[in-house]
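Visitor: Starting off with a structure, shown below.
The values are calculated or read from the model by the stated rules, or taken from the named source; none is laboratory data. A quick note: this is a predicted structure, and the numbers were derived from the prediction, not measured. Counting neighbours? That spans all protein chains shown, and the Cβs are built from the backbone with ideal geometry, glycine included. Ligands, DNA and RNA are stripped out before the accessible areas are found, and what is left, the full protein with its side chains, is counted by its heavy atoms. Shrake-Rupley method; radii C 1.70, N 1.55, O 1.52, S 1.80 Å.
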Amino acid sequence: MIQVYTGNGKGKTTAAFGLALRAAGAGFNVYIGQFAKGRICSEHKALKAIKNIKLEQFGSPFFIQAAAATDRELARRGLEKVRAAIACRKYRVIILDEINLVLRYKLLNLEEFLKLARRVPKNTELVLTGRYAPAKLLREADLVSHIRQVKHYYRCGIKARKGIEL
Ligand code: ATP
Ligand code: MG
């Protein structure tokens with residue numbers, strides 16, 4: 001199944017990690033590939049303690065830098081790792097965090113990604129997160145959750161906080 005968590009509200013990455021926790025509890029192996037992120041977040045420290053969750057990061061320590069060539073190269077290398085994770089057939093849940101943004105900004109080719117996504121067995125959950133999921137990706141998905149921001153405290157000047165946003 002292909003699940004997409006998109007929209008501008010808070011909760012996409014944390015929903016995916018919540019699913020990882022649930023799946024790991026059920027004894028499934030979980031693979032998490034984080035695109036466009038190279039920073040260690042608090043959840044990584046907690047996930048280290050869970051042996052059946054594997055996490056790899058494919059981004060620079062900074063956020064997407066206007067589709068620079070290095071970001072494209074990092075995304076490409078990330079996709080190769082994802083290909084290997086799918087091919088080894090070990091993982092029942094495969095989470096690609098922030099891939100929607102990467103596809104929207106064309107750091108990866110959408111058609112090439114869709115070809116790969118279609119080959120994922122139906123009993124494997126492929127979970128794709130990030131804002132601005134391309135319409136074509138939504139059409140191919142089995143589940144789409146669109147999280148809409150109604151209010152956010154950053155408007156009151158509250159910056160990202162450890163343990164809550166990072
Ligand atoms: P989360 O990781 O909390 O589940 P998310 O994956 O839905 O959130 P992203 O779009 O990946 O959201 O954004 C990363 C984090 O940055 C979110 O926690 C979000 O609340 C926060 N955020 C978004 N916009 C701003 C902003 N302008 N200022 C500060 N924080 C922001
Ligand atoms: Mg996110």
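Visitor: Quick check on Gly18: is it free of Cβ contacts under 8 Å to residues at least 60 places away in the same chain, closer than 24 Å to His152 by Cα and in a helix (DSSP H, G or I)?
Guide: Working: free of Cβ contacts under 8 Å to residues at least 60 places away in the same chain: yes; closer than 24 Å to His152 by Cα: yes; in a helix (DSSP H, G or I): yes.
It is true that Gly18 is free of Cβ contacts under 8 Å to residues at least 60 places away in the same chain, closer than 24 Å to His152 by Cα and in a helix (DSSP H, G or I).
Visitor: Further question on the same structure: Please indicate, with yes or no, whether at least one residue in the stretch 36-59 is at pLDDT 95 or above, in contact with a strand residue (DSSP E or B) (Cβ under 6 Å, 6 or more places away or on another chain), outside any helix (DSSP H, G or I) and within 26 Å of Gln149 (Cα to Cα).
Guide: Among the residues of the stretch 36-59, not one is at pLDDT 95 or above, in contact with a strand residue (DSSP E or B) (Cβ under 6 Å, 6 or more places away or on another chain), outside any helix (DSSP H, G or I) and within 26 Å of Gln149 (Cα to Cα), which makes the answer no.
Visitor: Can you confirm whether the stretch 34-50 contains a residue that is open to solvent by less than 50 Å² (accessible area, probe 1.4 Å), within 24 Å of Lys136 (Cβ to Cβ) and free of Cβ contacts under 8 Å to residues at least 40 places away in the same chain?
Guide: Scanning the stretch 34-50 turns up no residue that is open to solvent by less than 50 Å² (accessible area, probe 1.4 Å), within 24 Å of Lys136 (Cβ to Cβ) and free of Cβ contacts under 8 Å to residues at least 40 places away in the same chain.
Visitor: Right, here's the next one. Report yes if some residue within the stretch 116-126 is within 16 Å of ligand 1 (Cβ to nearest atom) and on the phi < 0 side of the Ramachandran plot; otherwise report no.
Guide: Residues of the stretch 116-126 that are within 16 Å of ligand 1 (Cβ to nearest atom), as a first pass: none.
So far as the stretch 116-126 goes, no, none of its residues is within 16 Å of ligand 1 (Cβ to nearest atom) and on the phi < 0 side of the Ramachandran plot.
Visitor: Which one of the conditions (1) under 13 Å from the mean Cα position of the chain (by Cα); (2) surrounded by 15 or more Cβ atoms within 10 Å (Cβ to Cβ) does Ile53 fail to meet, given that it meets all the rest?
Guide: The number of the failed condition is (1).
Visitor: When you scan the stretch 1-15, how many residues do you find that are more than 6 Å from ligand 1 (Cβ to nearest atom) and not in a loop (DSSP other than H, G, I, E, B)?
Guide: Kept after step one, since they are more than 6 Å from ligand 1 (Cβ to nearest atom), are these residues of the stretch 1-15: 1-9, 15.
Right, trim to not in a loop (DSSP other than H, G, I, E, B) and you get 2-6, 15.
Residues meeting the conditions: 6.
Visitor: Further, regarding this structure: Tally the residues that are part of a loop (DSSP other than H, G, I, E, B), on the phi < 0 side of the Ramachandran plot and open to solvent by 50 Å² or more (accessible area, probe 1.4 Å), restricting the search to the stretch 148-166. Steps first, please.
Guide: Looking only at the stretch 148-166, we keep the residues that are part of a loop (DSSP other than H, G, I, E, B), and these are 148-152, 157-166.
Narrowing further to those that are on the phi < 0 side of the Ramachandran plot: 148-152, 158-162, 164-166.
Applying the additional criterion that residues be open to solvent by 50 Å² or more (accessible area, probe 1.4 Å) yields 148, 150-151, 158-162, 164-166.
Looking only at that region, the number is 11.
Visitor: Also, I was wondering about something else. Mind checking which residues of the stretch 4-30 are open to solvent by less than 30 Å² (accessible area, probe 1.4 Å) and either within 14 Å of ligand 2 (Cβ to nearest atom) or closer than 18 Å to Ile164 by Cα (or both)?
Guide: The first filter runs over the stretch 4-30 and keeps only residues open to solvent by less than 30 Å² (accessible area, probe 1.4 Å), leaving 4-7, 9, 11-13, 16-17, 20, 23-24, 30.
The answer is Val4, Tyr5, Thr6, Gly7, Gly9, Gly11, Lys12, Thr13, Ala16, Phe17, Ala20.
Visitor: Moving on. Inside the stretch 65-147, counting only strands (runs of 3 or more DSSP E) that do not spill past its ends, which hold 3 or more residues that are open to solvent by less than 50 Å² (accessible area, probe 1.4 Å)? Show your work before the answer.
Guide: Working: elements: 93-97, 125-129, 143-146.
It comes to 93-97, 125-129.
Visitor: Here's another thing I want to ask about it. Within the stretch 120-140, count every residue that is among the small types (Gly, Ala, Ser) and out of contact with any helix residue (DSSP H, G or I) (no Cβ under 6 Å at 6 or more places or on another chain). Please lay out each step first, then the result.
Guide: Filtering the stretch 120-140 for residues among the small types (Gly, Ala, Ser) gives 130, 133, 135.
From what is left, the residues that are out of contact with any helix residue (DSSP H, G or I) (no Cβ under 6 Å at 6 or more places or on another chain) are 135.
Counting residues in the stretch 120-140 that are among the small types (Gly, Ala, Ser) and out of contact with any helix residue (DSSP H, G or I) (no Cβ under 6 Å at 6 or more places or on another chain) gives 1.
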